[in-house]
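Novice: Here it is, the structure in full.
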Amino acid sequence: SRLTVLISGSGTNLQAIINACSSQLLPNTSIVRVVSNRKTAYGLKRAENAGIPTTYHNLLEYKKRFREAQDTAPRPVDAVDEADTVARNAYDADLATLVLADKPDLVVCAGWMHIFTNSFLAPLVSANLPAINIHPALPKEFDGANAIARAYAAFQEGRIKRTGAMIHYVVRDVDRGEPIVVQEVEMKEGDTVESLEERIHVVEHELIVKGTGMALARLWEKRDVDKEKDEEAN
Ligand code: GRF
């Protein structure tokens with residue numbers, strides 16, 4: 001199977017996938033491209049070290065291009081938001097084109113810190129290309145960024161006793177897609193946010209491989225079913 005992995009940071013989840021491909025924990029699977037929205041993401045170095053093609057997809061370039069267009073035509077102050085919306089959609093549309101060109105079987109968001117518009121999601125749906133995401137919280141608990149810190153604060157206030165991590169399908173609603181695999185992580189008295197984060201990251205590195213394997217298995221199963229249907233139909 002062919003994977004495209006999207007990152008924004010250190011890439012330890014990417015590294016877990018790279019290792020799983022080499023060890024055949026993910027059988028007959030390779031990463032065809034790593035895309036980052038941050039130029040300095042160490043995950044790009046990990047990909048290069050593994051001989052994987054990389055792309056830095058730069059949102060600032062799009063914002064500048066559309067901001068200049070907006071600046072030439074004097075518009076009300078809220079037009080800045082419109083320029084950003086136009087920039088984000090153009091960025092996402094180009095990202096979808098870039099991803100689809102490699103014909104991957106699955107897109108894996110591994111620490112990808114960018115909220116998608118439909119300009120990215122719709123072309124993938126049309127191409128039957130699923131995307132999955134790793135999120136360091138339990139379903140419907142701490143959606144969005146800084147999930148671990150927010151869970152830790154809730155633990156301090158005695159509101160929760162455990163948190164977790166999950167792999168889920170990417171949909172428009174941030175971190176709300178159908179979970180594929182979920183793992184609870186206990187929270188202990190004396191935990192610091194760092195010790196909790198460390199325990200969650202260990203779980204994430206297992207889940208990212210398990211979740212990718214499960215998503216690929218479902219994909220191949222669906223393709224076999226579709227093929228049988230086609231054969232019956234013809
Ligand atoms: C992970 O905790 C991921 O869940 C979150 O950001 C972190 C990325 O870590 N979105 P890395 O870049 O894979 O090391």
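The values are calculated or read from the model by the stated rules, or taken from the named source; none is laboratory data. Fair warning: this is a prediction, and the values are worked out from it, not measured in the lab. With ideal geometry, Cβ positions are generated from the backbone for all residues, glycine too; neighbour counts draw on all protein chains shown. Note: accessible area is taken over every heavy atom of the protein model, side chains too, but ligands, DNA and RNA are not part of it. Shrake-Rupley method; radii C 1.70, N 1.55, O 1.52, S 1.80 Å.
Novice: Which lysines, on any chain, are close to residue 39 with Cα under 22 Å apart, when same-chain ones fewer than 8 places away are left out?
Specialist: Of all the lysines, those that pass the test against residue 39 - Cα under 22 Å, at least 8 places apart if same chain - are 63, 64.
Novice: Pop out the carbon and sulfur fraction of the accessible area of the chain as a percent, whole number, probe 1.4 Å.
Specialist: Carbon and sulfur: 53 percent of the exposed surface of the chain.
Novice: For residue 6, which sequence-distant residues (separation of 5 or more, or a different chain) have an amide H within less than 5 Å of its own amide H, given hydrogens modelled in the peptide plane?
Specialist: Close amide H contacts, sequence-distant or interchain: 35, 108, 109, 110.
Novice: Could you give the dipole magnitude of the chain about its Cα centre, charging the beta-carbon of Lys and Arg +1 and that of Asp and Glu -1, in debye to the nearest 20?
Specialist: The calculation lands at about 420 debye.
Novice: For a quick check of your reading of the filter: which GluC sites (Glu not before Pro) in the range 172-202 sit in a DSSP loop and have no more than 15 other Cβ atoms within 10 Å?
Specialist: 189
Novice: Further question: Which one of 210, 188, 63 has the biggest mean-square fluctuation once the chain is modelled by GNM with Cα springs under 10 Å?
Specialist: 188
Novice: Can you give me the accessible area per residue for the range 5-140, using a 1.4 Å probe, in Å²?
Specialist: Accessible area per residue: 48 Å².
Novice: For the range 97-197, what is the charge dipole size about the Cα centre, in debye to the nearest 20, if Lys and Arg each add +1 at the Cβ and Asp and Glu each add -1 at the Cβ?
Specialist: 240
Novice: Then there's this: What does the net charge come to around residue 7 if you take all other residues with beta carbon closer than 15 Å to its beta carbon, with K and R at +1 and D and E at -1?
Specialist: Net local charge, residue 7 excluded: +3.
Novice: With both bridge residues required to lie in the chain, what share of the DSSP beta bridges run antiparallel, to the nearest 5%?
Specialist: 40
Novice: Something else: Is the shape of the chain rounded, prolate or oblate, going by the alpha carbon gyration tensor and its root eigenvalues a ≥ b ≥ c, with a/c under 1.5 for rounded and a/b larger than b/c for prolate?
Specialist: Note, shape of the chain comes out oblate.
Novice: Report, in deg cm²/dmol and to the nearest 500, the calculated mean residue ellipticity at 222 nm for the chain, where each DSSP H run with n ≥ 4 adds -39500 (n - 2.57) and the sum is divided by the residue count.
Specialist: The helix contribution divided over the chain gives -16500 deg cm²/dmol.
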